[in-house]
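Single-structure report; data block below.
The values are calculated or read from the model by the stated rules, or taken from the named source; none is laboratory data. Note that the coordinates shown come from a computational prediction; the quantities given were computed from them, not determined experimentally. Note that each Cβ is placed from the backbone with ideal geometry, even for glycine, and that neighbours are counted across all protein chains shown. Ligands, DNA and RNA are excluded from the accessible area calculation, which covers all protein heavy atoms including side chains. Shrake-Rupley method; radii C 1.70, N 1.55, O 1.52, S 1.80 Å.
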Amino acid sequence: MTDVSFIALCKETIRDYVNSHTDKTDNVQISADDVYIVWFCKTLQNWKALASTTLPDGMYYELTHNGDKNETYVDCYKKWENFTVRKD
């Protein structure tokens, strides 16, 4: 798997997940162009990416591709809060 094919897989997977889990009464469907990759890397034969969408829902997604098994695992997270801790 190349970086281009992995990123395409991530965008298509998140697009399909979001479109199948949004409330139908919202009439919202996203395209792969609405998914963006925040970070990705390859270690040995495995890929990992963090992704989000243009929707203001606070969700982000972690995708891990296991090159040995040719499987991709998806974790979906909700951002609950963002705060700063300062030490004097």
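Here is a yes/no grid of residues against (1) in contact with a Cys (Cβ under 9 Å, 6 or more places away or on another chain); (2) outside any helix (DSSP H, G or I); (3) among the aliphatic types (A, V, I, L, M):
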position	(1), (2), (3)
I7	no, no, yes
R15	no, no, no
V18	no, no, yes
F40	yes, yes, no
### Lone qualifier among Y73, Y77 - being within 22 Å of V28 (Cβ to Cβ) and of a type in the set (F, W, Y)
Y77
### Query
Which pairs do you get when a residue that is without any contact (Cβ under 8 Å) to a residue 60 or more places away in the chain and in a strand (DSSP E or B), found in the stretch 48-77, comes within reach of a residue that is open to solvent by 70 Å² or more (accessible area, probe 1.4 Å) and of a type in the set (A, V, I, L, M, F, W, C), reach meaning Cβ atoms under 6 angstrom, with the pair 6+ apart or on two chains?
A49/F40; L50/V38; L50/W39
### Message
Checking the conditions here, which among S5, S20, S52, S31 is polar (S, T, N, Q) and touching a strand residue (DSSP E or B) at 6+ places or on another chain (Cβ under 8 Å)?
### Response
S52
### Task
Could you please give the count of residues in the stretch 1-35 that are farther than 18 Å from Y77 by Cβ and touching a helix residue (DSSP H, G or I) at 6+ places or on another chain (Cβ under 6 Å)?
3
### Query
If only one of V74, V38 is in contact with a helix residue (DSSP H, G or I) (Cβ under 8 Å, 6 or more places away or on another chain), modelled with pLDDT of 95 or more and surrounded by 10 or more Cβ atoms within 10 Å (Cβ to Cβ), which one is it?
V74
### Task
Output the qualifying pairs, or none if there are none: Cβ atoms under 9 angstrom, residues six or more apart or on different chains, first residue in the stretch 1-16 and under 12 Å from L63 (Cβ atoms), second residue open to solvent by 70 Å² or more (accessible area, probe 1.4 Å) and in a helix (DSSP H, G or I).
K11/D33
### Residues that are over 15 Å from L9 (Cβ atoms), surrounded by 12 or more Cβ atoms within 10 Å (Cβ to Cβ) and among the aliphatic types (A, V, I, L, M), drawn from the stretch 41-71
L55, M59
### Task
Go through the stretch 77-88 residue by residue and tally those that are over 15 Å from the mean Cα position of the chain (by Cα) and either surrounded by 10 or more Cβ atoms within 10 Å (Cβ to Cβ) or not aliphatic (A, V, I, L, M) (or both).
8
